[in-house]
Amino acid sequence: MPLHIIACVKQVPDPEAPASAFRVDEAAKKVVAAAGVTPVISQFDALAVEAALRIKDAAGDAKITVISLGPETARDVVKHSLAMGADEGVLLTDSAFDGDSYTTALALSKAIEKIGDYNLVLCGRQATDWDAGVVGYGIAEMLGIPSVSLAKSVTVQGDKVVVERVLMEGYDTIEAPLPALVTVSNELGEPRYPKLQQIMMAARKQVTIWGAGDLGLDASKVGAGAVRLNLERLFQPVSEVECEIVEGETPDEIATKLAQRLREQKII
Amino acid sequence: MANGILVAAEVSGGAVASITLEVLGAARRLADQMGKPAQAALVGSGVEGLAKELIAHGADQVFVVDEPALAKYSCDGFVAAMEKVNAAASPDAILMGQSDMGRDLGPRLAFRLGSVSAMDCLNVTGEGGKVIAERPCYGGNARATYSFNTSPAVISIRSKAQEPVARDDSRQGQVTKVDAGIDASAIRDKLVGHQEVAEEGIRLEDADVIVAGGRGIGSAEGFSVLEELARALGGAVGATRAACDNGWRPVSEQIGLTGKIVGPTLYFAVGISGASQHMAGCTGAKNIVAINKDPEAIVFKSSRFGIVDDYKKVLPALVEACRKLKA
Ligand SMILES: Cc1cc2nc3c(=O)[nH]c(=O)nc-3n(C[C@H](O)[C@H](O)[C@H](O)COP(=O)(O)OP(=O)(O)OC[C@H]3O[C@@H](n4cnc5c(N)ncnc54)[C@H](O)[C@@H]3O)c2cc1C
Ligand SMILES: Nc1ncnc2c1ncn2[C@@H]1O[C@H](COP(=O)(O)O)[C@@H](O)[C@H]1O
């Protein structure tokens, strides 16, 4: 049997959109979608797909299934992953899933069990909307498999996965038996960009859609009814710093003035 | 009945890690607000002697798991050990640093205990008997506060966000040994290699002055004048992801959400636009000086001083001016 890799991909508002386009509705505790800013695949999740493709390239043969949980529009990130080279796509969409990381991890783990016969699950280190960095661990815990985080490289050697795990200084090499879950960090490199022909092929591919019922989940046990982490407040931090622009006729004058100001303020 | 605020301590190079002292400070304040003791979990091999350090820095009670299989961090080993400590301590909340260990241990432990975690928090407070955690999200563009429906609340704290409490060797505390019986063969994530990336000079996390450069520097060579300024002020050089992605600087110098978190007295942001994901790494800086040729650059919004000009013109002069001041 060839390797079967599952990658979890989330759709997020473009994190590289200009800061001026970012707005929060404090009453609704939601980020307001800015006009003209299109949602994208979470950056680290594109890297999870990339890591899967690199393993497939090295093995010569492997199957890659991508799963996204989200609204109907999240089909776009599944399609994007298919265009990158993934083989099959699943979209979990159901209003019963509107909850916290617990529901997300539960639904994803149930979907992974339903897909079955997997060797490796890949996630991003954190979704680039809430920057939570928890869902991968929840999936691993619910599936009862080992987890290794912050990969800068992921390779499969026989029946184990070998991960270079990024540290503050340097990296560790960690081995775990398959099936395992690995979260991927930006040090992995760049994700491949789909070519036009691949985008056209992906457009024709069928995406499987599942709701809570398909996963055997009781709608009252997930989503709003099962929230464990309550969002109390969401707001934009305001900077209280007043910037003093240092000016002058020549670079020497500006530099001397700045150095003096820093000295006066006992900063240097 | 929950009994206190538990800190998962971290040992680095045979000593209590500095991040743990910061977390102990946060735990001490939270425990006082809630009228509960501050507890600490000391997990490792040959670590028992460090319990008194944790007490001197604010812990009332230390739970020690000292076993050979825990000599090095592993997710499986440390989650299992913390599960045992949690059963012995039954805390309201478990706090740890957002470190190599904490970011991995925290969420898996929370799910193991049937609870949830809030990671990379800046602050934690006790309001009306509830634990409230505050964390940045959306790449630093927004902040969220959370309360917890399940217990224990697992919370990791960003480095440089909290002050330690002053060391007091006369503080008294209780030390309890916990036998976790961790069997090395049950640890599935096995450490088989380690590569240290040696930093030259001052570590960014410890530097009092940082001269950071971004895409605006234009090339690897462009950074030499930043190095000179760092040298003149006894500081270190940092970079944005854009500068690292271009290969101008090593990734170990990247500052930001997915890089290092620094808190120097003085931070120069040179040729840096001020994207939230970069600024997330230097919110702890006491004074930011921005040098950018674009007067509209967002970086000026969080800077104390600014120069609107080409760095190539002003930086050499600034190196001279600083040398003169220091002489
Ligand atoms: C999930 C995620 C995580 C991220 N993590 C990080 C992170 O950890 N760290 C990080 O840094 N970034 C991170 N980023 C990237 C971040 O969003 C920005 O893209 C990046 O910080 C921009 O770097 P920069 O300021 O160097 O470049 P730019 O935004 O391109 O800015 C360059 C600036 O240089 C100025 N300039 C140009 N020439 C000159 C000159 N001659 N003299 C003076 N000024 C000049 C320009 O006016 C401009 O303001 C992350 C992004 C995402 C989505
Ligand atoms: N809604 C989702 N759909 C698919 N994968 C997700 C979803 N939410 C989180 N993940 C995965 O879990 C990782 C961590 O997410 P988070 O804990 O939300 O930061 C992401 O990088 C994804 O790989």
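The values are calculated or read from the model by the stated rules, or taken from the named source; none is laboratory data. Not measured: the values here are computed from a predicted model. Here the Cβ positions follow ideal geometry from the backbone for every residue, glycine too, while neighbour counts run over all protein chains shown. Surface areas here come from the heavy atoms of the whole protein model, side chains and all, with no ligands, DNA or RNA. Shrake-Rupley method; radii C 1.70, N 1.55, O 1.52, S 1.80 Å.
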Looking at A:GLU187, A:GLU169, can you tell me which residue is within 8 Å of chain B (Cβ to nearest Cβ), surrounded by fewer than 24 Cβ atoms within 10 Å (Cβ to Cβ), under 30 Å from A:PHE22 (Cβ atoms) and more than 13 Å from ligand 2 (Cβ to nearest atom)?
A:GLU187
Among the listed residues A:ALA74, A:ALA28, A:ALA58, A:ALA52, identify the single one that is out of contact with any helix residue (DSSP H, G or I) (no Cβ under 6 Å at 6 or more places or on another chain), more than 16 Å from ligand 1 (Cβ to nearest atom) and open to solvent by 70 Å² or more (accessible area, probe 1.4 Å).
A:ALA58
If you scan the range A:227-245, which residues turn out to be more than 7 Å from chain B (Cβ to nearest Cβ) and either under 30 Å from B:ALA118 (Cα atoms) or of a type in the set (Lys, Arg) (or both)?
A:VAL238, A:GLU240
Residues (within 25 Å of B:HIS278 (Cβ to Cβ), more than 15 Å from ligand 1 (Cβ to nearest atom) and small (Gly, Ala, Ser)) located in the range B:131-149:
B:ALA133, B:ALA144
Of all strands (runs of 3 or more DSSP E) completely enclosed by the range B:113-223, which ones contain at least 3 residues that are out of contact with any Cys (no Cβ under 7 Å at 6 or more places or on another chain)?
B:117-121, B:123-127, B:130-137, B:142-148, B:174-177, B:190-195, B:209-213
Residues of the range A:222-245 satisfying the condition of being open to solvent by 50 Å² or more (accessible area, probe 1.4 Å) and under 30 Å from B:LEU318 (Cβ atoms)
A:VAL238, A:SER239, A:GLU240, A:VAL241, A:GLU242, A:GLU244, A:ILE245
Only one of B:ALA280, B:ALA290 that is within 10 Å of chain A (Cβ to nearest Cβ), under 20 Å from A:ILE245 (Cα atoms), open to solvent by less than 10 Å² (accessible area, probe 1.4 Å) and more than 6 Å from ligand 1 (Cβ to nearest atom):
B:ALA290
Do we have B:ILE272 as more than 8 Å from chain A (Cβ to nearest Cβ), of a type outside the set (D, E, K, R), over 23 Å from B:GLN162 (Cβ atoms) and within 11 Å of ligand 1 (Cβ to nearest atom) here?
yes
Filter result (open to solvent by 30 Å² or more (accessible area, probe 1.4 Å) and within 7 Å of chain B (Cβ to nearest Cβ)) within the range A:102-128:
A:TYR102
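Could you list, in sequence order, the residues of the range B:269-285 that are away from ligand 2 (no atom under 16 Å from the Cβ), closer than 22 Å to A:MET168 by Cβ and not aliphatic (A, V, I, L, M)?
Matches in the range B:269-285: B:SER276, B:HIS278, B:GLY281, B:CYS282, B:THR283, B:GLY284.
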Check on B:THR240, more than 16 Å from ligand 2 (Cβ to nearest atom) and open to solvent by 20 Å² or more (accessible area, probe 1.4 Å)
no
When you scan the range A:31-49, how many residues do you find that are buried (at least 19 other Cβ atoms within 10 Å of the Cβ) and either away from chain B (no Cβ under 14 Å) or near ligand 2 (Cβ under 10 Å from one of its atoms) (or both)?
9
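If you scan the range B:40-56, which residues turn out to be open to solvent by less than 40 Å² (accessible area, probe 1.4 Å) and in contact with a Pro (Cβ under 6 Å, 6 or more places away or on another chain)?
Scanning the range B:40-56 gives no hits.
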Here is a list of conditions, (1) of a type in the set (A, V, I, L, M); (2) open to solvent by less than 10 Å² (accessible area, probe 1.4 Å); (3) within 16 Å of B:SER99 (Cα to Cα), and B:VAL16 meets all of them except one; can you say which number that is?
(2)
Quick check on my filter: what residues within the range B:158-187 are buried (at least 16 other Cβ atoms within 10 Å of the Cβ) and away from chain A (no Cβ under 14 Å)?
B:GLN162, B:PRO164, B:VAL165, B:GLY173, B:VAL175, B:VAL178, B:ALA180, B:ILE182
Among the listed residues A:ALA202, A:ALA212, A:ALA219, A:ALA151, which satisfies the condition of being open to solvent by less than 40 Å² (accessible area, probe 1.4 Å), touching a helix residue (DSSP H, G or I) at 6+ places or on another chain (Cβ under 9 Å), more than 14 Å from chain B (Cβ to nearest Cβ) and under 27 Å from A:LEU106 (Cβ atoms)?
A:ALA212
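Every residue in the range A:246-261 that is open to solvent by less than 70 Å² (accessible area, probe 1.4 Å) and within 7 Å of chain B (Cβ to nearest Cβ), please.
Matches in the range A:246-261: A:VAL246, A:PRO251, A:ILE254, A:ALA255, A:THR256, A:LEU258, A:ALA259, A:ARG261.
For B:ALA269, indicate whether it is part of a loop (DSSP other than H, G, I, E, B), more than 19 Å from A:GLU249 (Cα to Cα) and among the hydrophobic types (A, V, I, L, M, F, W, C).
Values: part of a loop (DSSP other than H, G, I, E, B): no; more than 19 Å from A:GLU249 (Cα to Cα): yes; among the hydrophobic types (A, V, I, L, M, F, W, C): yes.
No: the conditions fail for B:ALA269.
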Pairs under 8 Å by beta carbon, first residue at the interface with another protein chain (Cβ under 7 Å from one of its Cβ atoms) and within 15 Å of B:THR258 (Cβ to Cβ) in the range A:129-142, partner in a helix (DSSP H, G or I) and within 8 Å of ligand 2 (Cβ to nearest atom), six or more apart or different chains?
A:ALA132/A:SER101; A:GLY133/B:PRO107
Only one of (1) crowded, with 16+ Cβ neighbours inside 10 Å; (2) within 16 Å of ligand 1 (Cβ to nearest atom) fails for B:GLU221. Which number is that?
(1)
Could you tell me how many of the residues in the range B:311-324 are more than 9 Å from chain A (Cβ to nearest Cβ) and open to solvent by less than 60 Å² (accessible area, probe 1.4 Å)?
1
